[in-house]
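What follows is a single structure, written as structure tokens, with notes after it.
The values are calculated or read from the model by the stated rules, or taken from the named source; none is laboratory data. Since the structure is predicted, the reported quantities are computational estimates derived from the model, not experimental observations. Ideal geometry is used to build each Cβ from the backbone, glycine not excepted, and the neighbour counts take in all protein chains shown. Surface accessibility is based on the protein's heavy atoms, side chains included, excluding ligands, DNA and RNA. Shrake-Rupley method; radii C 1.70, N 1.55, O 1.52, S 1.80 Å.
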Amino acid sequence: MSECHPPKDALFNPNAHGNWLTSTNRDSIPNSCSSLVQTRLNPMKEPVILNLSQITKQFSHHSQAAVKQVSLTLLKGQILGLLGPSGCGKTTLLRIIAGFEQPTQGTVEIAGQLVACEKSFLPPEKRNTGMVFQDYALFPHLTIAENIAFGLKRLEKFSRQSLLSRVQEVLQLVSLSGLEKRYPHQLSGGQQQRVALARALAPQPELILLDEPLSNLDVQVRQYLRHEIRHIIKATGISAIFVTHDQEEAMAICDQIAVMRQGKLEQVGTPEEIYAQPASRFVAEFVTQANFLPAKRAGNIWQTEIGTWEIPESTAFEQGELMLRQEDILLKPDETASVVICDRQFLGREYRYCLQTPSGNQIHARTTTNTQLSIGTKVSLSVNANAAQVFPLNSIQTPSSDPVSMVV
């Protein structure tokens, strides 16, 4: 295959408003890489570990592309979550980064090295990445120490003594010291997951890729390992990409979250930004499980079947859907109200109320256990204006055709 090299003058520079502007010379890129290759700068001067530019993957037996024009830049030491429902393209994108799939279009750079474009391709073992698979992929006939050492034996930088020393280091890092002579079947699911992570970290890669590593574990173990995984990865200073369909998991582990839908990026931001300021109705519904009510605009006032809401920010449309997060709704008993409690669920720390509107639609509200209202109670609703948001009608049906390019 031909060699591809990014142009030295390809830059991504922030302007005074914090936006990112492209400055490149497309003519300096070899013909074998028709997509734009970009090197990014950032205000904190942190090294760029991963740079994806206009990544598209079209499988021959599918009419729709699995990944469509995805551009991302990941800085050293950050954990990025690829979040989305099944079939959104997040695992395909991860496999492209790992080298298990070649992009139909676009370029992949890892630690400044171009590893994939349309006509050039570096195999997985030469990309300096570590992979943690969904099923862990441990060798059942090897001990824990032998599993971890497996990937080190092909690296010239590790002598026999340094290899043994490195195995002990990562065993201590994942809190499995003393278990190195056991076999995978002698460990719990959580311990097996940590062995898989230790094996990926042992060669000291530039980037760790995790494909839904907690999905096979029970809820209690998953919640504990969320903290463990983040702590372990942060302790090494290695960048990571974490694929998941679990919103809470992504928010607990990741520094940045990229929400995907139908092969495209819907939004990239911190967990707080994604939750509090969703860029689309899809992000709001998928990440926050918010309520949506049909609404008509009259100035800054939005009218719904359960009341009117003043939202200071103006919009370019007259009809939309008002988003109300479950935890932002305050309930007050009111015999004159038109909303009725039709169900109540006790969730330990809170109640989740199901409310029926005059049209028969149902919305949900979460309250502390201090608010105890009986089924059949009529209630009025109040919400902080800053917590409400309006989206255009039918905005969930078709994602934007424009590619989203983000620096994280």
Please state which of the following conditions residue 374 fails to meet, knowing it meets all the rest: (1) closer than 17 Å to residue 295 by Cα; (2) surrounded by fewer than 15 Cβ atoms within 10 Å (Cβ to Cβ).
(1)
Inside segment 254-282, can you point out the residues that are surrounded by fewer than 24 Cβ atoms within 10 Å (Cβ to Cβ), in contact with a helix residue (DSSP H, G or I) (Cβ under 7 Å, 6 or more places away or on another chain) and in a helix (DSSP H, G or I)?
271, 275
Residues located in segment 252-263, provided they are under 15 Å from residue 55 (Cα atoms) and either in contact with an Asp or Glu (Cβ under 9 Å, 6 or more places away or on another chain) or not assigned by the TED database to the domain that holds residue 56 (or both)
258, 260
Just wondering, is there one or more residues in segment 117-126 that are within 23 Å of residue 234 (Cα to Cα) and open to solvent by less than 20 Å² (accessible area, probe 1.4 Å)?
no
Just wondering, is there one or more residues in segment 294-314 that are loosely packed, with under 15 Cβ neighbours inside 10 Å, of a type in the set (Val, Ile, Thr), assigned to a loop (DSSP other than H, G, I, E, B) and touching a residue at least 40 places away in the same chain (Cβ under 8 Å)?
no
Could you list all residues from segment 71-110 that are under 19 Å from residue 211 (Cα atoms), of a type outside the set (Asp, Glu) and in a loop (DSSP other than H, G, I, E, B)?
77, 78, 84, 85, 86, 87, 88, 89, 99, 100, 102, 103
Looking at segment 218-253 only, could you name the residues that are more than 28 Å from residue 387 (Cα to Cα), open to solvent by less than 50 Å² (accessible area, probe 1.4 Å) and of a type in the set (A, V, I, L, M, F, W, C)?
221, 225, 229, 232, 233, 238, 240, 241, 242, 243
If we ask which residues in segment 334-379 are of a type in the set (D, E, K, R), touching a residue at least 24 places away in the same chain (Cβ under 8 Å) and in a loop (DSSP other than H, G, I, E, B), their number turns out to be 2
Tell me, which helices (runs of 4 or more DSSP H) wholly within segment 111-211 include 2 or more residues that are modelled with pLDDT of 95 or more?
none
